[in-house]
Amino acid sequence: MVNRFSLEKLVRPNIARLKPYSSARDEFKDFAALDMVFLDANENPYENGVNRYPDPQQRNLKSILADQKGVNANQILLGNGSDEVLDLLFRAFCEPQQDNVITLPPTYGMYKVLANINNVEEREVVLTENFEPNVDAILQAVDSRTKMIFLCSPNNPTGNVFSVDSVLRLLNEFDGFVVIDEAYIDFSEKQSWLARINEFPNLIISQTLSKAYGMAGIRIGLCFASAEVINILNKIKPPYNINELSQLKAIERVVDTEGIKKEVASIIREKQVLEEALIELPYVQVIYPSEANFVLAKVDDANKRYDQLIEKGVVIRNRTTQELCENCLRFTVGTPEENEKLINALSSI
């Protein structure tokens with residue numbers, strides 16, 4: 001099948017026509033200029049570190065990330081968490097009450113929520129029994145109003161990475177956007193699809209600083225796509241969506257590559273410790289292979305085991321209501337001390 005991807009046909013007409021708001025800091029981009037007096041943005045002039053508006057394009061942070069990720073800075077959009085990035089995709093490309101998107105349960109729940117918020121039909125195509133995309137069923141669900149297919153890989157809550165062949169088929173045979181959510185990719189040995197971002201004009205990748213980078217509290221999500229797609233998203237994002245404190249903290253953290261690698265390595269080791277402990281428990285029936293910072297396990301009675309762990313001061317996630325996840329619990333991997341407390345609690349119930 002020949003891919004007939006056309007960005008002009010996918011973008012909403014009102015967004016294509018939109019003239020974006022131009023902030024004072026957009027008009028003057030040289031934030032490092034010396035001896036400049038800034039009287040253009042009605043700010044309080046007295047310096048306290050945050051009296052000025054932040055760089056609306058987060059240039060310093062993007063420059064570092066571009067070098068680390070092997071992309072151009074104009075291929076990056078930063079959002080107030082990945083949820084803002086995903087919401088911008090709906091607002092840019094999905095016409096309310098007309099268009100639809102496809103999701104693959106069990107998966108990250110915000111895709112459905114954002115579809116509902118934006119009044120866009122969500123079509124669910126359940127993963128196969130081994131948690132892989134059912135590509136034939138996905139392509140059968142596609143029609144002329146399907147704008148995006150959401151793939152979470154490594155998948156939440158199952159932890160597996162989708163096969164390259166499945167993703168390639170969707171990229172090559174679907175005329176809309178394939179959005180790959182790689183929130184957990186830093187815990188996987190598999191290669192990120194970022195390495196192939198320039199091969200596919202319909203590929204959009206989201207990542208985050210919340211997981212491996214350990215900055216969930218500052219809310220920074222990353223979007224990677226062609227410069228043309230990023231330009232459209234920049235038209236509709238809030239002018240100052242990443243505040244100054246978040247930008248500074250992110251820069252301080254992302255340059256600490258060795259520290260991040262050590263933490264990721266520790267989490268992966270502790271995941272193995274947790275998996276080995278789960279194997280020994282008589283009420284654990286299945287432990288699913290995970291390339292994320294969590295483990296999904298099938299137990300005899302998820303509601304019962306969840307309540308028992310709560311009583312022992314350990315909070316996990318009960319996923320038993322999700323497709324294909326009946327009686328499944330999801331365990332996030334903590335520090336060695338937290339992991340030990342979890343394992344002790346699991347062994348005593």
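The values are calculated or read from the model by the stated rules, or taken from the named source; none is laboratory data. Here the structure is a predicted model, which means the values were calculated and not measured. Neighbour counts are summed over all protein chains in view; Cβ atoms, including those assigned to glycine, are modelled from backbone coordinates with ideal geometry. Just the protein is used for accessible areas: all its heavy atoms, side chains included, with ligands, DNA and RNA removed. Shrake-Rupley method; radii C 1.70, N 1.55, O 1.52, S 1.80 Å.
Which one is most open to solvent (accessible area, probe 1.4 Å), of the residues in segment 101-119 that are touching a Leu at 6+ places or on another chain (Cβ under 8 Å) and of a type in the set (A, V, I, L, M)? My answer is MET110. Restricted to segment 66-92, and to residues there that are within 13 Å of the chain's Cα centre (by Cα) and either among the hydroxyl-bearing types (Ser, Thr, Tyr) or open to solvent by 10 Å² or more (accessible area, probe 1.4 Å) (or both), the residue that is nearest to VAL11 (Cα to Cα) is ASP87. In segment 121-134, the condition of being within 30 Å of LYS190 (Cα to Cα), touching a Gly at 6+ places or on another chain (Cβ under 9 Å) and of a type in the set (A, V, I, L, M, F, W, C) is met by at least one residue.
Table: residues versus (1) among the charged types (D, E, K, R); (2) within 24 Å of LEU233 (Cα to Cα).
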site: GLU129; (1), (2): yes, no
site: GLU132; (1), (2): yes, no
site: ALA141; (1), (2): no, no
site: ASN155; (1), (2): no, no
site: SER163; (1), (2): no, no
site: ARG169; (1), (2): yes, no
site: ASP175; (1), (2): yes, yes
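Counting only residues that are open to solvent by 30 Å² or more (accessible area, probe 1.4 Å) and touching a strand residue (DSSP E or B) at 6+ places or on another chain (Cβ under 9 Å), which one in segment 142-164 is farthest from SER206 (Cα to Cα)? Looking at the filtered set, the residue picked out is ASP143.
Restricting segment 328-349 to residues that are buried (at least 19 other Cβ atoms within 10 Å of the Cβ) and not β-branched (Val, Ile, Thr), the residue that is nearest to ILE279 (Cα to Cα) is LEU346. Picking from residues in segment 165-194 that are in contact (Cβ under 8 Å) with a residue 40 or more places away in the chain and farther than 25 Å from ASP83 by Cβ, the one that is surrounded by the fewest Cβ atoms within 10 Å (Cβ to Cβ) is GLU189. Against the list (1) assigned to a helix (DSSP H, G or I); (2) farther than 25 Å from LYS9 by Cβ; (3) touching a Lys or Arg at 6+ places or on another chain (Cβ under 8 Å), the condition VAL161 fails is (1). In segment 17-39, the condition of being open to solvent by 70 Å² or more (accessible area, probe 1.4 Å) and not in a loop (DSSP other than H, G, I, E, B) is met by at least one residue. The set of residues in segment 132-141 being part of a loop (DSSP other than H, G, I, E, B) and surrounded by 20 or more Cβ atoms within 10 Å (Cβ to Cβ) consists of PRO133 alone.
Given the condition in contact (Cβ under 8 Å) with a residue 24 or more places away in the chain and part of a loop (DSSP other than H, G, I, E, B), answer yes or no: does some residue in segment 86-94 qualify? Yes, the conditions are met somewhere in segment 86-94. Summed over segment 294-313, residues that are of a type in the set (A, V, I, L, M, F, W, C), touching a helix residue (DSSP H, G or I) at 6+ places or on another chain (Cβ under 9 Å) and under 22 Å from ILE267 (Cβ atoms) total 4. Restricting attention to segment 126-145, the residues that are under 17 Å from LEU324 (Cβ atoms) and acidic (Asp, Glu) total 2.
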